[in-house]
1. Among the listed residues 64, 80, 68, 92, which satisfies the condition of being assigned by TED's automatic domain parsing to the domain that holds residue 141, more than 17 Å from residue 311 (Cβ to Cβ), in contact with a strand residue (DSSP E or B) (Cβ under 8 Å, 6 or more places away or on another chain) and in contact (Cβ under 8 Å) with a residue 12 or more places away in the chain?
2. Might you check whether a residue that is assigned to a helix (DSSP H, G or I), outside the structural domain of residue 262 (by TED's automatic domain parsing) and either in contact with a helix residue (DSSP H, G or I) (Cβ under 7 Å, 6 or more places away or on another chain) or crowded, with 17+ Cβ neighbours inside 10 Å (or both) occurs anywhere in segment 309-323?
3. Looking at segment 171-214, which of its residues are outside any helix (DSSP H, G or I) and within 17 Å of residue 156 (Cβ to Cβ)?
4. Which condition breaks for residue 90 when tested against (1) farther than 15 Å from residue 328 by Cα; (2) modelled with pLDDT of 95 or more; (3) in a loop (DSSP other than H, G, I, E, B)?
5. Check whether at least one residue in segment 130-153 is touching a helix residue (DSSP H, G or I) at 6+ places or on another chain (Cβ under 9 Å), more than 30 Å from residue 42 (Cβ to Cβ) and assigned by TED's automatic domain parsing to the domain that holds residue 393, and report yes or no.
6. Say whether the condition of being touching a residue at least 12 places away in the same chain (Cβ under 8 Å), in contact with a strand residue (DSSP E or B) (Cβ under 9 Å, 6 or more places away or on another chain) and surrounded by fewer than 20 Cβ atoms within 10 Å (Cβ to Cβ) is met by at least one residue in segment 368-375.
7. Any chance segment 333-343 includes a residue that's touching a residue at least 12 places away in the same chain (Cβ under 8 Å), assigned to a strand (DSSP E or B), surrounded by fewer than 24 Cβ atoms within 10 Å (Cβ to Cβ) and touching a strand residue (DSSP E or B) at 6+ places or on another chain (Cβ under 8 Å)?
8. Out of all the residues in segment 223-246, is one or more outside any loop (DSSP other than H, G, I, E, B), surrounded by fewer than 22 Cβ atoms within 10 Å (Cβ to Cβ) and without any contact (Cβ under 8 Å) to a residue 40 or more places away in the chain?
């Protein structure tokens, strides 16, 4: 997952000179193969590195240098480079959905026009809802989808069984709330956990996914503020109902979340596809106890899918090797056998639809009691998710929405009133109109 974007260009301009030394935008006068640099972070970078050698063998005139810049360090480094006119940037940039719109809006020309290089022929090759996020206001594509993370509903089957809860009967979040009450009464476990006094990005994922399941977010396609919309109020009202029912654990404090889960005090993790591998890594002793299904719908008959975050590969607008860089993007992201190797070695759930025909996506998983855990997310993507418009003001929106959620959780604030105030604040700070 990505930390919130902080697009403070003025604060990074002073650092631009120091960032201009090591990127792929430098003048390369060698008579040998063209060298392109790729900026990423672990473990995703391991996946790219694993296929770079294969790419080089297939394209002997191109060498690929995958550089582990790190996360969150990569965001400052890209921002510094763009603020300095693109100097020092790598040729290929790994970018999260929370940063991509800001780069497209705030730095015209900072990312290469991939439509001119042939990217548009792949617009239907990726999970629904992703291509609009790479498309600028000019209709051109400035990135290619790499990772997709549909939301899931991970639950402790042993705790559900102990409380007499049938997971198949949980079709809406209201059903989940009633199940949570029963769970708390029978086992003492909370349904979910949230950092109540200081909701950060990870603790806004639930609110955001509840919005996204309704095809909504903080902004609409035109960039207007929708933080006080009916879907937003519905989402925050559900969170308040959970909290008022006493089924939300407070995870504030370092290590609290991990401790509560280890002690069987939290039964549900409404996390995305990345958690399929993360949960076994964090709680190996709970092997066989976890299951996963699509999240409950917000309203009866509503969608049970949402793409909660995603990452992309772009080409720097100042790269002297745009064609070669795009050729690497094509190789790494549009071939099922290649992207699945990236997935295997880098743990990044692929956005390419054709990748899901691989048997690994229907294979049974011992940790999840023999359930084919990855299939849950493939099925979710098959339902189709709506595009989410983050805009260049996502970081500001996230902070304001987080403050509103804290007011609701700690002070019992009315969701509609808290979000109305938050929307006004976001409109004033961003200069964007209120939708409707």
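The values are calculated or read from the model by the stated rules, or taken from the named source; none is laboratory data. Every value quoted in this text rests on a predicted model; they were computed, and no experiment measured them. Backbone-built Cβ (ideal geometry, glycine too); neighbour counts: all protein chains shown.
1. 64
2. Yes, that holds for at least one residue.
3. 188, 189, 190, 191, 192, 193
4. So the condition that residue 90 fails would be (1).
5. No: segment 130-153 contains no residue that is touching a helix residue (DSSP H, G or I) at 6+ places or on another chain (Cβ under 9 Å), more than 30 Å from residue 42 (Cβ to Cβ) and assigned by TED's automatic domain parsing to the domain that holds residue 393.
6. yes
7. Checking segment 333-343: not a single residue is touching a residue at least 12 places away in the same chain (Cβ under 8 Å), assigned to a strand (DSSP E or B), surrounded by fewer than 24 Cβ atoms within 10 Å (Cβ to Cβ) and touching a strand residue (DSSP E or B) at 6+ places or on another chain (Cβ under 8 Å).
8. Within segment 223-246, one or more residues are outside any loop (DSSP other than H, G, I, E, B), surrounded by fewer than 22 Cβ atoms within 10 Å (Cβ to Cβ) and without any contact (Cβ under 8 Å) to a residue 40 or more places away in the chain.
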